[in-house]
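**Q** Starting off with a structure, shown below.
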Amino acid sequence: MRLRFPKLGSRLSRRLARRWQQKFEPGPPAAGNPRVLPVHVLTLAGKPNVAEVVLMWRSLARAAGRPARFLVAGDGTLDADDARLLQEACPGAEVIEWCDIVAGDVRRAIGPYANQHPLGKKLAVLMSLRPHEPTLFTDADVLYFDRSSSLAQGFGDAPGFLIDCERSLDERLLDDQTTAPPVNSGVLLLTRPLDWSLALERYARVRDDPRRFTEQTMVHLAVHASGGRALDPALHIVTVEDQFRWKDVCDPRAAVLRHYVGPVRHKMWNMAHRLGLDRPEPRP
């Protein structure tokens with residue numbers, strides 16, 4: 001009788017990911033005349049995911065070009081060494097604290113949530129964005145692949161968003177008849193501020209008890225209220241279907257990006273190693 005071990009691939013994959021994390025090299029990229037991506041990029045970072053920010057930046061810089069501006073908003077846990085590492089590994093990176101860019105009206109509206117929860121901080125930053133240039137908000141656990149070379153052409157008047165692979169939403173903020181595709185808040189393409197009026201109106205229902213998906217649901221409401229445009233899910237990948245498999249379902253030659261959400265976060269490190277993103281570019 002042939003035995004099957006459906007989770008063996010996942011265990012091996014996670015073990016390898018830990019090895020690549022331990023061997024991660026944060027040094028600066030090779031000198032040269034790199035392409036410039038005419039987009040402002042913003043990410044939120046904490047001490048545990050500094051290395052992921054570097055992987056994300058390297059993947060974007062190599063596939064699409066170095067962003068015209070790269071802003072890292074710390075969540076309050078970054079120290080001076082973290083900031084120096086980010087600025088060395090990601091040339092041009094500006095490292096600030098999340099509270100430095102949060103608008104006063106946003107602080108008044110969701111201040112307790114932002115002060116007490118990392119996702120509240122992310123929400124406060126997103127609500128404070130007033131883009132004047134094409135702006136890419138990206139979580140750190142995203143890798144950009146070959147087809148992201150056309151990323152700059154993907155911006156339009158309507159905000160671009162990822163379709164989530166599951167309905168990870170706080171149903172208390174939604175009406176029963178909600179049929180809009182679920183927004184994954186890990187990547188947003190913005191050229192103007194989002195309309196937060198409905199989201200803030202609904203937030204009043206849960207102000208005293210925000211939960212895990214409250215932030216993403218607020219973004220979901222704001223994106224759809226702003227006429228959000230779903231990014232092609234075949235190219236902008238959010239999935240957990242391979243969480244128990246050895247192989248990554250994403251082909252980096254045929255995709256724009258993959259958001260490596262919680263159950264498959266380890267696969268980000270394996271893909272990064274495969275693409276050489278866990279070490280600086282070889283110098284001439």
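**Q** Go through the stretch 201-222 residue by residue and tally those that are farther than 14 Å from Thr178 by Cα and buried (at least 18 other Cβ atoms within 10 Å of the Cβ).
**A** Filtering the stretch 201-222 for residues farther than 14 Å from Thr178 by Cα gives 201, 203-216, 219.
From the residues that got through so far, the ones that are buried (at least 18 other Cβ atoms within 10 Å of the Cβ) too are 203, 210, 213-216, 219.
Adding up the residues that qualify gives 7.
**Q** Here's another thing I want to ask about it. Looking at Lys247, Lys267 in this structure, which one is in contact (Cβ under 8 Å) with a residue 40 or more places away in the chain, open to solvent by 30 Å² or more (accessible area, probe 1.4 Å) and either farther than 17 Å from Arg58 by Cβ or in contact with a helix residue (DSSP H, G or I) (Cβ under 8 Å, 6 or more places away or on another chain) (or both)? Give the steps one after another, and end with the answer.
**A** On the way: Lys267 fails: open to solvent by 30 Å² or more (accessible area, probe 1.4 Å).
Only one candidate passes the filter, namely Lys247.
**Q** Do you know which of the residues in the stretch 192-236 that are assigned to a helix (DSSP H, G or I) and small (Gly, Ala, Ser) is farthest from Arg107 (Cα to Cα)? Spell out the reasoning first.
**A** Residues of the stretch 192-236 assigned to a helix (DSSP H, G or I): 197-203, 214-225.
When the remaining residues are screened for being small (Gly, Ala, Ser), the result is 197, 199, 222, 225.
Details: Ser197: 15, Ala199: 15, Ala222: 17, Ala225: 21 Å.
The residue in question is Ala225.
**Q** Being among the hydrophobic types (A, V, I, L, M, F, W, C) and exposed (fewer than 14 other Cβ atoms within 10 Å of the Cβ) is the filter here; which residues of the stretch 191-200 pass it?
**A** To start, the set of residues in the stretch 191-200 that are among the hydrophobic types (A, V, I, L, M, F, W, C) comprises 194, 196, 198-200.
Passing the criteria: none in range.
**Q** Identify, by number, the condition in (1) of a type outside the set (Lys, Arg); (2) open to solvent by 50 Å² or more (accessible area, probe 1.4 Å); (3) over 13 Å from Thr217 (Cβ atoms) that Asp175 doesn't meet.
**A** Among (1) of a type outside the set (Lys, Arg); (2) open to solvent by 50 Å² or more (accessible area, probe 1.4 Å); (3) over 13 Å from Thr217 (Cβ atoms), the lone unmet condition for Asp175 is (3).
**Q** Glu281 - would you say it is part of a loop (DSSP other than H, G, I, E, B), closer than 28 Å to Leu12 by Cα, open to solvent by 70 Å² or more (accessible area, probe 1.4 Å) and charged (D, E, K, R)? Before you say what the answer is, go through the steps one by one.
**A** On the way: part of a loop (DSSP other than H, G, I, E, B): yes; closer than 28 Å to Leu12 by Cα: yes; open to solvent by 70 Å² or more (accessible area, probe 1.4 Å): no; charged (D, E, K, R): yes.
Spelling it out, it is not the case that Glu281 is part of a loop (DSSP other than H, G, I, E, B), closer than 28 Å to Leu12 by Cα, open to solvent by 70 Å² or more (accessible area, probe 1.4 Å) and charged (D, E, K, R).
**Q** Would you say Leu189 is touching a Pro at 6+ places or on another chain (Cβ under 7 Å), outside any loop (DSSP other than H, G, I, E, B), under 23 Å from Val53 (Cα atoms) and among the aliphatic types (A, V, I, L, M)? Walk me through it before giving the result.
**A** Values: touching a Pro at 6+ places or on another chain (Cβ under 7 Å): yes; outside any loop (DSSP other than H, G, I, E, B): yes; under 23 Å from Val53 (Cα atoms): yes; among the aliphatic types (A, V, I, L, M): yes.
Answer is yes for this residue.
**Q** Among the listed residues Thr135, Thr77, which satisfies the condition of being touching a residue at least 40 places away in the same chain (Cβ under 8 Å) and among the polar types (S, T, N, Q)? Steps first, answer last, please.
**A** Values: Thr77 fails: touching a residue at least 40 places away in the same chain (Cβ under 8 Å).
After applying the criteria, what remains is Thr135.
**Q** Filter the stretch 139-166 down to the residues that are buried (at least 23 other Cβ atoms within 10 Å of the Cβ) and either touching a Gly at 6+ places or on another chain (Cβ under 7 Å) or free of Cβ contacts under 8 Å to residues at least 40 places away in the same chain (or both) and list them by number.
**A** Within the stretch 139-166, Val142, Pro159, Phe161, Leu162 meet the criteria.
**Q** Also, I was wondering about something else. All but one of (1) aliphatic (A, V, I, L, M); (2) surrounded by fewer than 22 Cβ atoms within 10 Å (Cβ to Cβ); (3) modelled with pLDDT of 90 or more hold for Ala30; state the number of the condition that does not hold.
**A** So Ala30 meets the others, but not (3).
The values are calculated or read from the model by the stated rules, or taken from the named source; none is laboratory data. Being a predicted model, the structure only gives us computed values, none of them experimental. Ideal geometry is used to build each Cβ from the backbone, glycine not excepted, and the neighbour counts take in all protein chains shown. When the accessible area is computed, the model is the full protein with side chains, heavy atoms only, and any ligands, DNA or RNA have been set aside. Shrake-Rupley method; radii C 1.70, N 1.55, O 1.52, S 1.80 Å.
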